[in-house]
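**Student:** Got a structure here, written out as structure tokens. Questions coming.
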RNA sequence: AGCGGGGUGGGGUAGCUAGGAAAUCCCGACGGGCUCAUAACCCGUAGAUCGAUGGUUCAAAUCCAUUCCCCGCUACCA
């Protein structure tokens, strides 16, 4: 087995820090595969780099009053450092602002032109005479022709949702400076992808081993035809389009960035002093791309189309896209402060723990959820408790009792163990080949359990007591088993695995550790204390929901909304205004005097003109909404389980979701989750209830 | 609204593409074992109408239809 393998990870955009969603989306999978491929003896070229052109960067630069170059410089350096901080080392980490990249792109562009895949076409585009530039659709504002909303955007009207064409807007204006926009004719170069539609479809259809999410999604996408795409833009920050009459135009960032994989590989080869190395590597035909699902179109359709058109480079063997990683059930969002950047999370956990946890929740087939609590649980119980402790217990036992591990024929226990490990290894390798990394980890975990179990059953401590000389063979077999586990976890937790190897052998892990497994080796163990440490994360447990019983003293229809009610609610000491969307389900006269449960410390929010100073809770099922209620006096505090309200300040709707409010299985009582427990709510010791039986587990809002 | 993903024991999940005897794993609860180890590890028990309804089938968590709910995306930005 000695194949040439090229592994490419989607180029991160150089306009902000990388968060753990990016890592789980593309880079960790790429690195796991990279390490795996090297481990089994293949030659690997592992490439990535910064995507540094494009409008968002130039706009950001304008805002921050710096040059695009400065922004790009900063994040290029930062990204590379971040990758290395979690043991992701590319052979080459390039950048698209590199002149050698531009040169490559321009050559590629000319090649396509020669072979008839490019065509100049006229387009009408919005233009701001004041700014002196063409405007992307969303930078055109005007009056919506359908609803009359005056601030509709050129792409879509926020008010009525209609998708617009900038030319449809009445009184179109430049969104940047506000001056009236004009429409001018402009030339753009189109990539004639439609010519390749049949070939792309056929090619995709043949990729049966690809993940469902990539193959079906792509096929689905070109169902309506593969359209020719404009690959030039009227912007300043990009690679110039090398075509007559196209002066000042830049090549569309995506078109250009996708060529980074090749141009970076070429640059890498040149720096290596072996200028054809990259072509040589690509000629193996094993090219793998790792990316997030938002990049599927570009890698599974556009890139292969470009390669087909040029005819020079092999098509991907595999395009592997992960879904999204969420944080506590929500999308990672820097602006809303949801989730962690890599640099921030590394202040809380070490890289091995992070890689281990992320590996075990890689969003391979559907979105997955990152939570600190789960990370702590998994890392402490699996990586530490099961694996780390196994290493530690065997080594410290052997050393403590002065046993020198020596190979010897084993008994039934040993041969069962060995057979189990052999089987494990082959299914592990199969999973890795198929890029099923989560499965590989879960197989590994099973194997770890079986070795712990073996060690328990083997009871070497009894053998020591009985002066059984076979104990040294027993320890040898145990160490061999640990070796298996260590080698197989290496692609996921490289630093940790190397530390374990060191304590088994006192030397660095060899380049081809898999081969070593078959050898009757000698061990030279060193007890350096636990290789992994448990992580400490303070749990965010507690009740930060300030719930009270309230009594509706006034209910009226909301003057400006169809489905909302305006309520005044007595909370015992004060009366607040609430806006609630239950108009469809309750009559006004039934509501007055009714006791309800109110979230008192929710951020106030103006809803269609009336400020809602809290939120009432109701269970919602297919038939409608049903209020939570209690017979206790208004103002009575509502507890979740034993938890009293212990928070401070206002909470947001997003915070509320953490409690996962739901009706119980019978649909009679509301429940909320605090920590790991689903708990009932009580007021004065009596359960809060739902005013009418609902479907079990109905959501409460 | 459109597109995409999902609803599986108390919490988190696997399984669904190729339907099949007891539904996986982690945490938690309960009981036991062990004492080498990081209060760790190992074994066992309880706990799931696999969102709902209907259909196909000898057989459905898995396929089809309908429906309810949740989440994400919906910038010719990249």
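**Student:** Return an integer: the convex hull volume of the alpha-carbon atoms of segment A:1-132, in Å³ per residue. Please list the in-between numbers first.
**Tutor:** Working: hull volume 21.6 nm³, N = 132.
Enclosed volume per residue, from the Cα hull, is 164 Å³.
**Student:** Quote the FRET efficiency, to the nearest 0.05, computed for residue A:365 versus residue A:209 with a Förster distance R0 of 22 Å and r equal to the Cβ-Cβ distance.
**Tutor:** For residue A:365 and residue A:209, the calculated efficiency is 0.90.
**Student:** How would segment A:364-447 be classified by its alpha-carbon gyration tensor: rounded, prolate or oblate, with rounded meaning a/c under 1.5 and the a/b versus b/c comparison settling the rest? Before the final figure, lay out each step's value.
**Tutor:** Working: a/c = 3.75, a/b = 1.45, b/c = 2.58.
Since a/c reaches 1.5 but b/c is at least a/b, the shape of segment A:364-447 is classed as oblate.
**Student:** Given the Cα-Cα distance of residue A:416 and residue A:393 and 0.36 nm per residue of separation, how much length would full extension add, in nm?
**Tutor:** Using 0.36 nm per residue and subtracting the Cα-Cα distance, I get 6.2 nm.
**Student:** Quick check: pseudo-label points 7 Å beyond the Cα along Cα→Cβ at residue A:114 and residue A:2, how many nm apart are they?
**Tutor:** 3.5
**Student:** Sort A:513-523, A:424-434 by the packing proxy (mean of other Cβ within 10 Å over each peptide's residues), most packed first.
**Tutor:** Details: A:513-523: 14.1, A:424-434: 16.3.
Per-residue mean Cβ counts within 10 Å order the peptides as A:424-434, A:513-523.
**Student:** Report, in deg cm²/dmol and to the nearest 500, the calculated mean residue ellipticity at 222 nm for chain A, where each DSSP H run with n ≥ 4 adds -39500 (n - 2.57) and the sum is divided by the residue count.
**Tutor:** Result for chain A: -10000 deg cm²/dmol, rounded to the nearest 500.
**Student:** I'd like to know how chain A sits against the 2.2 N^0.38 Å rule of thumb: what's its Cα Rg over that expected value?
**Tutor:** For chain A, the normalised Cα radius of gyration comes out at 1.17.
**Student:** Still on this structure, please answer the following. Can you give the direction-averaged projected area of the convex hull of the alpha-carbon atoms in segment A:371-517, in nm²?
**Tutor:** Averaged projected area of segment A:371-517's Cα convex hull equals 9.2 nm².
**Student:** Additional query: By average Cβ neighbour count within 10 Å, what is the ranking of A:374-385, A:472-483, A:398-409, A:275-286 from highest down?
**Tutor:** Ranked by mean Cβ neighbours within 10 Å, highest first: A:472-483, A:374-385, A:275-286, A:398-409.
**Student:** Given 0.36 nm per residue, what is the gain on full extension from residue A:177 to residue A:70 after removing their alpha carbon distance, in nm?
**Tutor:** 36.0 nm
**Student:** Output the Kirkwood hydrodynamic radius of segment A:230-334, Cα pairs only, in Å rounded to one decimal.
**Tutor:** Mean inverse Cα-Cα distance, inverted, gives 16.1 Å.
**Student:** How do A:50-60, A:192-202, A:7-17, A:255-265 rank on mean C-beta neighbours within 10 Å, highest first?
**Tutor:** Numbers: A:50-60: 21.5, A:192-202: 16.1, A:7-17: 23.1, A:255-265: 25.5.
So the peptides A:50-60, A:192-202, A:7-17, A:255-265, ranked by packing, come out A:255-265, A:7-17, A:50-60, A:192-202.
**Student:** Taking R0 as 41 Å, what's the FRET efficiency between residue A:631 and residue A:381 from their Cβ-Cβ distance, rounded to 0.05?
**Tutor:** 0.40
Values in this text are rule-based calculations from the coordinates and carry no lab data. These numbers come from a predicted model, not from an experiment. In this analysis, Cβ positions are derived from the backbone assuming ideal geometry, glycine residues included, and neighbour counts consider all displayed protein chains.
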